Structures are given as structure tokens and as C-alpha cells.
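Trainee: What follows is a structure written as C-alpha cells; I'll ask about it next.
Read the figures in this text as sums done on the coordinates, not as results from a lab. Remember, predicted model here, so these are calculated numbers, not experimental data. Backbone-built Cβ (ideal geometry, glycine too); neighbour counts: all protein chains shown.
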Amino acid sequence: MDTQQLKQAIMEEKKRKGVLILAHTYQDPDILEIADIVGDSYALSKAAQNVPQNKVLMCGVRFMAETVKILSPEKEVLLSHADAGCPMAEQLDPAEVRRYRETHPDHAVCAYVNTTAQLKALADVCVTSSSAVEIVARVPQEDILFIPDKNLGAYVQAMLPQKRIHLMDGCCPVHNAITPQMIEQARRAHPGAKVAIHPECPYEAVRLADVAGSTKEILDFIHGSGDAVIIATERGVYDALVRQYPNRALYQLEPELLTCHDMKKTTLQGVYDALTGKGGQTIELDGQLLSAARGSIENMLRYGGR
Ligand code: SF4
């Protein structure tokens, strides 16, 4: 089948089987087109709670499908590509976090929601990239182990000098590739353009930007202004924006480096195969693990997370 035929076949199959398709913003535009809902990982899992469909197909990476399952345990959740993982979410050993908890019983553990169900289950509270500063500020402990992203943790530390943020050696290899020199060079190449950056990038680069925020915050900034913008996050954001605003001065920083190959494992053929039972993977989580992981998400809501 060619691209158009595949898209048509997916639309018919999802309707016939009553499947909701979620797509993370970093997916290719063709995938965004066949999705019912597009957004950040946590926003997608929240949206899936309120739909009538009992089957959900996540076009993204494993931790995102897990979060959908944690918030909607009664639904059947499929990941579009069985090998689409996230190096940041999966690189920390849960045993290391358990040991830390034993040796630092007075420290709180905050987990970026972009992590595995195991690490969520070991945390006291989850945070999103847009709520991290707000939530950590409200956690009563002064000492906080922030996992798994040392860059987002460093950003939180810079915003909250009254807290002592402890970090482990984990990060998003895609965003971590950005250096302050790349930002300076892009500014020289595009004088007057604003820089919008994701706080998963190293803080030395983040501090040079005009706007630091989640994917949604970056999109809101671009939708709400007529400025020329250098976009320093995964290139899927830029790829979608240039279709929407073909005449805007938008520049992708380091497109090769800022490409997440795990996100791009999802293809139209893969989505079709998952819908027809020939691919993808059903997410199964042990009941105890699921409820512990859900507890740290519920704590995020208690602390005012959205
Ligand atoms: S962009 Fe980074 S955090 Fe997001 S899925 Fe890819 S490796 Fe993981």
C-alpha cells in the first residue's frame, strides 16, 4: 500500500475496532495525521482517561504507553512498536534508587513522569517538565532526589536555590547533546530570533534561551507570537510547525542531533500492523506495581500538578 492507502486503511481499521490512537508530538507528521489526540506524554495519558474507547494505541515510546495503562488500567493499551523505548527512562537501575531511599530516609524522591513504571513506583511524587519547579517547591523536604533526568533536575535546582536537589547520572541523550556554543552560533546565524528550549537540555544551554519549557509551552509560545524562533527540542515539533506556518521564520537547532530515533521507530505500516494484530505490544503491568506508580502520579495532583 502507498502512504495514502495506508492512512485510509488505518482510519477504517481504528474505527471498525474502536481504537483510540494517541501520538506524541515528536512523531512524524504522517503519524500525527492519523492520530485522534496529539500532545505531550502526560497530557495524552490524561486525555485517554476520558474517552469512550476501551482500546488505546500509543504512537510513542514504552513509558508513555505505561503511563496510559497506569491511569486507565481497565483499558487495553498497545504500544505501536515493541522496541520503542526511551534511554532516559530506562537507564536508571531501580535497585540504585531503592538503596538511596534506604540510606537517605529523610529525602523525598521526585520522578519525572517520563520514566518507567518501576521508577514511578519508587518515587514519592511525579512531576512533568512544566510542573517540576512548582511541585518540588511544595514538597516539604529540603533534600530531594530527582530522577531520572539530571538536566531537568539541574534546572529545578537553579529555579529553587532553597532546595538541595540530588541527582543520578541519567538524561535524555537527544536533548543532552545541545551545548551553549550551539545556541550562540544559532543566534549569530539568525539575528533577532528568540530561542525556545526544552529543560531536558543541559542547564548551561537552557540559561541562554529566551523561553524554557515543555513541548506544549514551546508550542504555546510559538502560536502566541509572531517572532522568529530557534527551536531547541526534538525536531518533530519543528516538522509539525513548518506545515502549520509555512511562512514563519522558524529554525530547527541541530536537526540531526535533535532527532529521537526511538520516537521515529513508529511508522504507518507499524501502526497498521498493531491495529491488525500483526505488530505492536500490549502493555501489561503487575497490579502492585501499577498502584504504586499511580500513587506517585496522584501525589503530583495533590501538590497541584495539572
Ligand atoms: S526525546 Fe529523549 S526523553 Fe524523549 S523519548 Fe527520546 S530519548 Fe526519551
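Trainee: May I ask you to work out the translational diffusion coefficient for the chain at 10 °C, viscosity 1.306 mPa s, via Stokes-Einstein with Rh from the Kirkwood sum over Cα pairs, reported in whole µm²/s? Write out the running numbers ahead of the final one.
Mentor: Values: Rh = 19.8 Å.
It diffuses with D of about 80 µm²/s by this estimate.
Trainee: In addition: So which residue, out of Lys75, Lys46, Lys278, gets the largest mean-square fluctuation from a GNM of the chain using Cα contacts under 10 Å as springs?
Mentor: Lys278
Trainee: Still on this structure, please answer the following. Out of all DSSP beta bridges in the chain, what portion is antiparallel? Express it as a percent rounded to 5. Write out the running numbers ahead of the final one.
Mentor: Values: 2 of 34 bridges.
In the chain, approximately 5 percent of DSSP beta bridges are antiparallel ones.
Trainee: Also, I was wondering about something else. At 222 nm, what value in deg cm²/dmol follows for the chain if DSSP H runs of at least 4 each add -39500 (n - 2.57) and the sum is divided by all its residues, to the nearest 500? Show your work: numbers first, answer last.
Mentor: On the way: 15 runs with 133 residues, N = 306.
Computed mean residue ellipticity for the chain: -12000 deg cm²/dmol.
Trainee: Would you kindly state how much longer the chain becomes between Lys278 and Ser225 on full extension, computed as 0.36 nm times their sequence separation minus their alpha carbon distance, in nm to one decimal? Please list the in-between numbers first.
Mentor: On the way: separation 53, 0.36 × 53 = 19.08 nm, distance 4.41 nm.
Working it through step by step, the gained length comes to 14.7 nm.
Trainee: Could you work out which residue, out of Thr215, Thr233, Thr259, moves most in a Gaussian network model of the chain, that is, has the largest mean-square fluctuation with Cα springs under 10 Å?
Mentor: For the chain, modelled as a Gaussian network with Cα springs under 10 Å, the answer is Thr259.
Trainee: For the range 175-252, compute Rg over Rh where Rg is the Cα radius of gyration and Rh is the Kirkwood radius from the inverse mean 1/r over Cα pairs.
Mentor: Working: Rg = 11.3 Å, Rh = 12.3 Å.
My calculation of the ratio gives 0.92.
Trainee: Compute the length gained on full extension between Lys15 and Val51: take 0.36 nm times their separation in residues and subtract their Cα-Cα distance, giving the result in nm to one decimal. Working shown, then result.
Mentor: Values: separation 36, 0.36 × 36 = 12.96 nm, distance 1.38 nm.
The Lys15-Val51 span can extend by a further 11.6 nm.
Trainee: At 18 angstrom or more along the helix axis (alpha-carbon based) and mean Kyte-Doolittle of -1.0 or higher, what helices does the chain contain? Whole DSSP H runs only.
Mentor: Working: long enough: 3-17 (21 Å, -1.75); 287-302 (22 Å, -0.03).
Answer set is 287-302.
Trainee: In what sequence do Tyr238, Tyr245, Tyr26 fall when counting other Cβ within 10 Å, fewest first?
Mentor: Numbers: Tyr238 22, Tyr245 13, Tyr26 28.
Final ranking by Cβ density, sparse to dense: Tyr245, Tyr238, Tyr26.
Trainee: Another question about this same structure. Using a Cα-Cα cut-off of under 30 Å, which lysines could be cross-linked to Lys7, ignoring same-chain neighbours fewer than 8 residues away?
Mentor: Straight-distance partners of Lys7: Lys15, Lys17, Lys46, Lys55, Lys69, Lys75, Lys216, Lys264, Lys265, Lys278.
Trainee: For the chain, with a Gaussian network of springs between Cα atoms less than 10 Å apart, report the residue from Ala189, Ala35, Ala43 with the top mean-square fluctuation.
Mentor: Judging by the Gaussian network model, the answer is Ala189.
Trainee: Output needed: percent of Cα pairs per 10 Å distance bin for the range 73-142, bins running from 0 to the one holding the longest distance.
Mentor: 18, 42, 31, 10, 0
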